[in-house]
Amino acid sequence: MKLRRWDIVKIPAADNDSAGHPGVVLSPEDMLDDEKQLRFNVLVGTKKQPAEKARQNNVVLNEDDGLSFQTLVDCSLVYMVRKSQVKERLGVVAYERRQEIKRKVRAHLGLG
């Protein structure tokens, strides 16, 4: 499966996670295309519960991004996953939310 930055993929959030969670691909295409690079960077999301409110570090993704339910993406922690762990491609982050994700990742990681 050819991956691109801003793809939303299903990945395990932990070693014992068989169902998987949505993950937003952050790594650049040159790294994703390199067969020697076995891992890439993602932000992990979880299904938003009906009464749940998004925190400062969250961005809400939805059907506009190709998902079938609202998802809270945590922009305060970048995970590294193996390319072989990708279960499927779920969608692509819409342009407006890309900007919000960039801003929140920079803010929460102290990158300016």
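The values are calculated or read from the model by the stated rules, or taken from the named source; none is laboratory data. What you see is a predicted model; the values in this text were computed from it and never measured. Note: ideal-geometry Cβ built from the backbone for every residue, glycine included; neighbour counts use all protein chains shown.
Observations on the structure shown:
- Any hit, the range 71-92, residues being in a helix (DSSP H, G or I) and surrounded by fewer than 15 Cβ atoms within 10 Å (Cβ to Cβ): yes
- Summed over the range 15-69, residues that are within 15 Å of E100 (Cα to Cα), in contact with a strand residue (DSSP E or B) (Cβ under 7 Å, 6 or more places away or on another chain) and surrounded by fewer than 14 Cβ atoms within 10 Å (Cβ to Cβ) total 1.
- Close Cβ contacts (under 8 Å, 6 or more residues apart or on different chains) running from residues in the range 84-103 that are within 18 Å of K10 (Cα to Cα) to residues that are among the acidic types (D, E) and surrounded by fewer than 16 Cβ atoms within 10 Å (Cβ to Cβ) comprise A94/D64.
- Hey, D17 free of Cβ contacts under 8 Å to residues at least 60 places away in the same chain, over 18 Å from H108 (Cα atoms) and outside any loop (DSSP other than H, G, I, E, B) or not: no
- Residue in the range 2-14 that is nearest to R98 (Cα to Cα), counting only those that are touching a strand residue (DSSP E or B) at 6+ places or on another chain (Cβ under 6 Å) and assigned to a loop (DSSP other than H, G, I, E, B): W6
- Leading residue by the ranking (farthest from L72 (Cα to Cα)) among those in the range 4-34 that are more than 11 Å from the chain's Cα centre (by Cα) and modelled with pLDDT of 95 or more: D34
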